[in-house]
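For reference, the structure discussed in these notes is given below.
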Amino acid sequence: MSQTKPTDRVTVRLPFSGLYNTIHDQMMDIALEQINSDDAGKDNEVICTTNVRWAEVHLAYAQAYTKAAVEESGLDLAFQKIISPRDYSMGNDEIIVTFPLRDLEVAFGALDDAGKKAWRELVEAELTERPGFIPFSEYPKDAVEWGPVNTWDDAQRDLFFHFHAAPLIGDEYMLAEGASEVVDDVIWQAVIDPSVVPGHVDYEAPGEPA
């Protein structure tokens, strides 16, 4: 196995609970409710929920969330993509970022005895069968047997990255509040049919020339 170069980056999943039934979709619901409320707080539908390209909103939100995670943690993260499941009963959205492999190796090498113990306990727990969960049997339960970081596969790197990054990134609600600042503007930009949205920059009142 060749030595890791400073420019080598790997893809990992950012600690993120997804956009379905989480604080994150609540932020989007709140943004749309505020858009659709008048100055007195009464309902006044301006943008119908079906008149929004939500994939664009989700992408912008995921990028903003990644930026907030970088600012909070100081980690060298670069947004790559958001993956959404076809069926939310099978899982939730994932934000994929790139991260320097060397930084992952440094973090692993810097574990003290308590950190090593916690890491081994996590690996064992993740590879122990329990009701509703059957782990991949190809991985040793003892993390010591996993070998060097640069020999790990995606799943192994994901698990260690979460172990390393989640405490640094911190509270997901706080990051969600920061990322939500982009939602209002993005919803307006993602309107499908501006002609039925009074106040939209591209709105055309009835009878006005196209």
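The values are calculated or read from the model by the stated rules, or taken from the named source; none is laboratory data. Treat the numbers as computed from the prediction; the structure is a model and nothing was measured. Note: ideal-geometry Cβ built from the backbone for every residue, glycine included; neighbour counts use all protein chains shown.
Using the structure shown, decide if G170 is touching a residue at least 12 places away in the same chain (Cβ under 8 Å) and not hydrophobic (A, V, I, L, M, F, W, C). So G170 fits the description; yes. Going residue by residue through the range 129-144, is there one that turns out to be part of a helix (DSSP H, G or I) and within 15 Å of D158 (Cα to Cα)? Yes, the range 129-144 contains a residue that is part of a helix (DSSP H, G or I) and within 15 Å of D158 (Cα to Cα). Considering (1) at pLDDT 95 or above; (2) surrounded by 14 or more Cβ atoms within 10 Å (Cβ to Cβ), the lone condition that T50 does not fulfil carries the number (2). Checked across the range 157-169, the condition of being surrounded by fewer than 18 Cβ atoms within 10 Å (Cβ to Cβ), modelled with pLDDT under 95 and either closer than 24 Å to K5 by Cβ or in contact with a Pro (Cβ under 8 Å, 6 or more places away or on another chain) (or both) holds for no residue. Per the conditions (1) free of Cβ contacts under 8 Å to residues at least 24 places away in the same chain; (2) hydroxyl-bearing (S, T, Y); (3) farther than 30 Å from Q26 by Cα, the sole criterion not satisfied by T49 is (3).
One residue stands out among those in the range 1-17 that are surrounded by fewer than 18 Cβ atoms within 10 Å (Cβ to Cβ) and not hydroxyl-bearing (S, T, Y): the one that is modelled with the highest pLDDT, which is D8. For the range 79-109, residues that are farther than 16 Å from R157 by Cα and either aliphatic (A, V, I, L, M) or touching a His at 6+ places or on another chain (Cβ under 8 Å) (or both) total 5. For the condition part of a helix (DSSP H, G or I), touching an Asp or Glu at 6+ places or on another chain (Cβ under 8 Å) and either within 14 Å of R9 (Cβ to Cβ) or in contact (Cβ under 8 Å) with a residue 40 or more places away in the chain (or both), R157 does not qualify. For the range 18-47, the candidate set comprises residues that are exposed (fewer than 14 other Cβ atoms within 10 Å of the Cβ) and of a type in the set (G, A, S); within that set, the residue that is modelled with the highest pLDDT is A40.
Annotation for the range 74-86: no member residue is among the aliphatic types (A, V, I, L, M), surrounded by 13 or more Cβ atoms within 10 Å (Cβ to Cβ) and under 30 Å from G199 (Cα atoms).
Checking the stated criteria, V197 turns out not to satisfy the condition of being over 30 Å from A114 (Cβ atoms) and modelled with pLDDT of 95 or more. A single member of L127, L175 is surrounded by 11 or more Cβ atoms within 10 Å (Cβ to Cβ) and within 15 Å of P15 (Cα to Cα), and it is L175.
Answer yes or no: is there a residue in the range 137-145 that is exposed (fewer than 13 other Cβ atoms within 10 Å of the Cβ), in contact (Cβ under 8 Å) with a residue 40 or more places away in the chain and not aromatic (F, W, Y). No: the range 137-145 contains no residue that is exposed (fewer than 13 other Cβ atoms within 10 Å of the Cβ), in contact (Cβ under 8 Å) with a residue 40 or more places away in the chain and not aromatic (F, W, Y).
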